[in-house]
1. Please find the FRET efficiency linking Thr57 to Phe417, where r is the Cβ-Cβ separation and R0 is fixed at 25 Å, and quote it to the nearest 0.05.
2. So for the pair Phe368, Glu391, with labels modelled 7 Å out along Cα→Cβ, what separation do we get in nm?
3. Points 7 angstrom from Cα along the Cβ direction at Ser195 and Ile359: gap in nanometres?
4. So for segment 93-146, averaging the separation of alpha carbon pairs under 8 Å that are six or more residues apart and normalising by length, what relative contact order in percent results?
5. With equal scatterers on the alpha carbons only and no solvent term, can you work out the Debye log10 of I(q)/I(0) for segment 305-431 at 0.16 1/Å?
6. Taking 22 Å as R0, compute the FRET efficiency from the Cβ-Cβ separation of Phe121 and Lys181 and round it to 0.05.
7. Given R₀ = 51 Å, what would the calculated FRET efficiency be for Lys49 paired with Tyr329, taking r from the Cβ atoms and rounding to 0.05?
8. When you count, for each residue, the other Cβ atoms within 10 Å and take the mean per peptide, how do 178-185, 334-341, 319-326, 400-407 rank with the highest first?
Amino acid sequence: MEVASGGGTGPRRNSVAFWLLGLCNNFAYVVMLSAAKDILEKDSKHIEKPCRPEVTTRECQIMSTGSVLLADIIPALLIKVLAPMFIHRVPFGVRHFIVVFLQAASFLIVGNSGSTGFALFGVVLASFGSGLGEISYLALSSNYPSTVVAAWSSGTGGAGLIGASIYALLTDSKLLGISPKHTMFIMLILPVLFSFAYWSILQIPRSIHRAHFLQPNSWITSLETTSSESRRIEEEEEGLLENTEGEEEGENVSRRTEMSKIRKALPLLRFMVPLISVYLAEYYINQGLLELLEFDCSHGLGMSSESQYRWFQVTYQLGVFISRSSSNYITIPTKYLTSLAILQILNAGFFTFTAVYSILPHIILAFFAIFFEGLLGGASYVNTFRAVHREVSIENREFSMGVVSISDTIGIVFAGFLAMPVHNLICSTPL
C-alpha cells in the first residue's frame, strides 16, 4: 500500500505533504460540525431567516449542535485512547488507507441519508477516520524534522478555515445555494487529495515498514517496527537468535515494553492538562454559547442569526489558522502553556456572561473576541506538540506524540457534555 520513495528526504516537499495531510484529515470533522443544523433538521434546503429589527426573545433549537459534536468526537477519543497500545503493529500505509476509506464513506452516507440517525452514523465514521489519522500522522512526524509538526498544525488550522468557509459558500442561499446533500458529494474530492498527499508527495524514510497491496502478510507487523526503534529491535533480534531461549526472552521484552508505556505516559500530563483545558473551554464556547449570540439588524451588519453563527465559526477558524501557522516565527515556551489555558477559561466565562446578559453592543466586538479565542486554541495546540517533539527523547517521541494527541479530543468531549445542559439552561431564561 505504500510506494517506495526515491532519494533522500526533501524538507520542503515533506512539509507540503504534512500540510495537506493536516488539511485533509480534519476537513471532514469541520464539515460535519458546519452541517450540524442540516443533519439535525434532516433538511436538504438551506433556509435562512432575515435579521430581526429588535432582539427581545431567544431563538433556540430543541437539540443543541453539541449532540453532533459528541458524535463527531467520541469515536475519535476511543481510537486515540486505545490505539497507542497496538497501532504500532499496523504500518502507516495501511492506516492511511483506512483513514481515506472512512472519510469517503462518511461523505457518501451523510449525503445519501434520509434520517438523522443514519446521518449521525456517517459523522461517527468521519470521527473514527480523523482520530486514527491524527494519532498516525503525528507519530509519523517523529521521523522528520520538527518543521513538519508546524506544517501539520497549519494544515489542521487551514482545514477549519477552508472547510467552514467552503461549506458556507456552497450552501448559502445568497451565494451558490447548493443543497447540503450535493455539497457532501462535492467534498469527495478530499479523499482523492488525501491519497495523493501521502502516496505521491510525502517521501517516506526507508526505515518505515512498508505494506504491499498484494502481500497481505505485510499489512500487520509482528514486532514493533516503528522507525525510532527499528535499529534497536534488529540488534535485539540478532542477539536472540544466538541463544536457544530467544523466543521466551522476546516475549518478556514485549511485556516489559507494554508496562513501560504506562510509565512513559505519566510525565506527559504536564503537556496534556493545559491542552485539555484549552479545548474544553473553546468548544464549550463554540457549541454551547455562540449559537445563543444574536444581534439585531442595526448592530449585526444586517445578517440573519444563521449567518451570524456561520461567520462566528469562520472567524474562530481564522484565528486558529493564523496561530497554528505562525509557530515557526513565534514559539511559546513550555512554561507558558498553562497561561494559555487560563486565558481560554476566562474567555469561556466572558462568553457565558455575554450569552446570558447580551452585554456586547455590536457584532464587531464579538468577532474580535472570537478571533482571540481561536488564536489561543491554535497557539496551545501547535506549541504543545512542538514542546513534546523538542523535549522528549527520540526513542520515546513517537509514542509520546500519539498519547498527547488525545488531549484535544478529551477536552472536546467534556465540552460537548457541558455545552448541551448550559445551552438548555440559558434558553430557559428570559433575555
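1. Details: r = 27 Å, r/R0 = 1.08.
Plugging the Cβ-Cβ distance into 1/(1 + (r/R0)^6) gives 0.40.
2. For Phe368 paired with Glu391, the spin-label model returns 3.4 nm.
3. 5.3
4. Details: 42 pairs, mean separation 21.0, N = 54.
Averaging sequence separation for qualifying contacts and normalising by length gives 39 percent for segment 93-146.
5. The Debye formula, applied to the Cα set alone, gives -0.92.
6. Working: r = 16 Å, r/R0 = 0.72.
Using R0 = 22 Å, I get an efficiency of 0.90.
7. Numbers: r = 42 Å, r/R0 = 0.83.
It comes out at approximately 0.75.
8. Values: 178-185: 19.0, 334-341: 16.5, 319-326: 23.1, 400-407: 24.6.
Top to bottom by mean Cβ count within 10 Å: 400-407, 319-326, 178-185, 334-341.
Readers should treat all values here as calculations from the given coordinates under stated rules, not as data from a laboratory. Remember, it's a predicted structure, so these values are computed and weren't measured experimentally. Methodologically, a virtual Cβ is constructed for each residue, glycine included, from the backbone with ideal geometry; neighbour enumeration extends over all protein chains shown.
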